[in-house]
Structures are given as structure tokens and as C-alpha cells.
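Asks: This is the structure, below, for whatever I ask next.
Here, each number is a calculation from the coordinates, and none is a lab measurement. Predicted model, so just to flag it, every value in this text is computed and none were measured. Virtual Cβ from ideal backbone geometry, glycine too; neighbours counted across all protein chains shown.
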Amino acid sequence: MSKVKVGINGYGTIGKRVADAVNKQDDMEIIGVTKTRPTFEARAAADKGYDIYVPEDSIAAFKNAGIPVKGTVKDLCKAVEIMVDCTPGDVGEIYKAEYEAAGIKAIFQGGEDHSLTGISFNSSANYSESWGAQLSRVVSCNTTGLIRTLNPIDKAIKITNVYATLIRRGTDPGNSKGGPINGLEPSVKLPTHHGPDVKSVMPWLNINTMAVKASTTLMHLHTIVVELQRESTTEEVLGIMKASPRVKLVKSSSGLKGTSEIMELGKELGRNRSDMYEIVVWEDGVKVVGKMLYYYQAVHQESDVVPENVDCIRSMCKLEENASVSISKTNKALGICR
Ligand SMILES: NC(=O)c1ccc[n+]([C@@H]2O[C@H](COP(=O)([O-])OP(=O)(O)OC[C@H]3O[C@@H](n4cnc5c(N)ncnc54)[C@H](OP(=O)(O)O)[C@@H]3O)[C@@H](O)[C@H]2O)c1
């Protein structure tokens, strides 16, 4: 079987991870990645064997830096069947016309608006909505986190209302420009955009969100209160979470007290870049009282959307019709247990 030809536009935090994840699958391959500047990441991509494509006006800079260039971004568009756009938020929309002109499919990330594609993607919740689509959008790291745990609970018990507070990492570990470096910044535009973003995949869900930016780079942490349609038990909810794909239960009592220890666990598991693709829920922090469910979860912002991008390619390129089969295939290739 020939492999689907994939390009990555924007080889940064998300792009480099999606590139490696795609290359681990047996039904798709990376044809090339794009960079605009000849940075250490461009050099690392070349050293890994990725062909590098650049905008016309960057060719000279790459030549000067001695980094080989295979062609222009336009050339990459001609060479692939699908582009995974991982450029910074709001830059992707500039490329939409170029992908359409080349007649290729394109996946955008959560930094773009839902209206750019009309379809937003999560592997478990709505895999089939992107089946054969020309354009789709993998929702943001926080939205992916919320949907991963809320969708299975809603399927099993039905949710009346969700109230979630997102304690967001100030910036990514490799970025020295973000912040705050000391303090906590509440998002004062309320409710925050995260609730409507969840609705781009689960339009029926009543969800209300607030957010606080914190001086940490490791992970986001969500505190979630769910009003269920019927009474439940802590055991029932834990059973649902244990059976949910890409949700990992850990115990605070086993030493995994916070996000520092969870990222340490990623290193212990020997993951590529010590990534934690799963949404991590503290088992001993899940509690049901009547119809009210309370839990905490941690989201590794740099990597939770990576397996979803792989599944999104499979759905859009009609490689596998069954979501569960695609999820298992991606998980196996990335070393995710469930
Ligand atoms: N980081 C996260 O926590 C996270 C999580 C989930 C989703 N997302 C979403 O994923 C997308 C990418 O975010 P990111 O964090 O990976 O950003 P990033 O680390 O800044 O990477 C973006 C890459 O795009 C390149 N780029 C910049 N301008 C470009 C242009 N005009 N054309 C082509 N490439 C360009 C940049 O490198 P050069 O300019 O050096 O080539 C950079 O490597 C955004 O939509 C973001 O909202 C981010």
C-alpha cells in the first residue's frame, strides 16, 4: 500500500512532534517540512533527514547557513497530498488559499478559528466528521484535554453543566519570551473562549470556562466541576475514565503530586522528547457527590494534540473508517497504552 504524502508547514513546537509521529506510522510519510529561518531547529530537522522547504525570500539565508533546501513552500504544496499547518496562530489562515490552489487537503491547529475550516476534530468525539474532508482543524491543547474526559462521561452518564477553570502554562519550555515569570494573570474576558471551542466538537454541551495564566512552562492544569444528569459514584466515573482512550489515571499518593512529577514520568516512560500525550487525571482527586463530579487533570500542551493530528490525517485521507482502529494504531506507534 502506498503511503499518504504529508507535509508540515511550520516546524516548531507542534510541527516537529507531528512530523516524528507521522513518520512512525506505516500508512503515511513526511515528504518535507518548512522553516522560514535557518535556526537550530532547521539544522536539527535536516540532521534527522527531513527535506526542508522555505519561502522564496529565505533561500539565501539558508544557503549562507549551509542548511540544504529542497524547494519552496509552493514546491512542497505540489509534492504532498495533505499539509499539516503548524504555523503560529492566525498565520495558518494566510496559507489556506495556497493549499486550495494546489488542490491539497489541509489540517490547521487550535490557533486558527473554527470558521476557517467549518470542521473541528477530536479523535474519539467526532472522527467521522472529517472523513474525506478537504479542510479540518485539530482543536487546541486545552480543548483536546477537556473533550478527552468530558465526552466519555457525557456518553455514559449525560452532563447537565460543566464549570472548568484552566490554570494555563505561561509559555512553552523552549520560549524565553512568554510569561508571566512571576505571578498569576486571570483572563478577564469572560467566559473564556475555551467553552465555545469545546462546542465546536460537542455543540450540545453546556460548558463554562475561566482561565488563569501561571508562571510555569510544564503543563496546564484544569479544575473541573460537572453537574451530571443523574446521581453517580466515584467508582462509576473512574471506570469510565479507565476505559477512555488517551486518558491516564495517576495517584497523588504514589508520588505524582503535581505537573513536575508527571513530566518526570514522561521521561521515565522513554517517550520522544519525554512527551505525555495522554490527559492525566488524579485518581485520588476524583470525587462524586450525588450529581456533582469534581476532578483535576493535567494537559501536556506540547504533545496532547499530536496523536489527534495523525488520526485526523487518517480520517481526511480515508485511510481507516473506524475511529477506534485508528486510535489504537496511532497509540501503538507512539507507545501510548490506551
Ligand atoms: N505550543 C502549544 O502549546 C500548542 C498546543 C496546541 C496547539 N497549538 C497551536 O499549534 C500552532 C503552532 O503552535 P506552536 O506552539 O507549534 O508554534 P511555534 O512553536 O511558534 O512554531 C511555529 C513554527 O512556524 C514557523 N513559522 C512562523 N511563521 C511562519 C510562516 N509565515 N510560514 C511558515 N512557517 C512559519 C516558525 O518557525 P520559523 O519562522 O523559524 O520557520 C515556527 O517554527 C498554533 O496554531 C498554536 O495555537 C500550540
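Asks: From the list E235, E231, E320, E264, exactly one residue is charged (D, E, K, R) and touching a Ser or Thr at 6+ places or on another chain (Cβ under 7 Å). Which is it?
Replies: E320
Asks: Would you confirm, using the coordinates I've provided, whether A133 is assigned to a loop (DSSP other than H, G, I, E, B), closer than 15 Å to N309 by Cα and away from the ligand (no atom under 16 Å from the Cβ)?
Replies: Details: assigned to a loop (DSSP other than H, G, I, E, B): yes; closer than 15 Å to N309 by Cα: yes; away from the ligand (no atom under 16 Å from the Cβ): yes.
Yes: the conditions hold for A133.
Asks: Right, something else. What strands (runs of 3 or more DSSP E) lie completely within region 148-266 and have 1 or more residues being farther than 28 Å from N126 by Cβ and among the small types (G, A, S)?
Replies: So the answer is 207-214.
Asks: So, one more: Among the listed residues S274, S315, S232, S244, which satisfies the condition of being among the polar types (S, T, N, Q), touching a residue at least 60 places away in the same chain (Cβ under 8 Å) and closer than 30 Å to T87 by Cβ?
Replies: On the way: S274 fails: touching a residue at least 60 places away in the same chain (Cβ under 8 Å); S232 fails: closer than 30 Å to T87 by Cβ; S244 fails: closer than 30 Å to T87 by Cβ.
Step by step, each of S274, S315, S232, S244 is checked, and only S315 is among the polar types (S, T, N, Q), touching a residue at least 60 places away in the same chain (Cβ under 8 Å) and closer than 30 Å to T87 by Cβ.
Asks: Filter region 298-338 down to residues that are closer than 15 Å to V22 by Cα and in a helix (DSSP H, G or I), then give me how many there are.
Replies: Number of matching residues: 20.
Asks: Collect the residues in region 31-44 that are more than 10 Å from the ligand (Cβ to nearest atom) and buried (at least 23 other Cβ atoms within 10 Å of the Cβ), keeping them in residue-number order.
Replies: G32
Asks: Return the total of residues in region 62-100 being small (G, A, S), within 11 Å of the ligand (Cβ to nearest atom) and touching a strand residue (DSSP E or B) at 6+ places or on another chain (Cβ under 8 Å).
Replies: Within region 62-100, residues that are small (G, A, S), within 11 Å of the ligand (Cβ to nearest atom) and touching a strand residue (DSSP E or B) at 6+ places or on another chain (Cβ under 8 Å) number 1.
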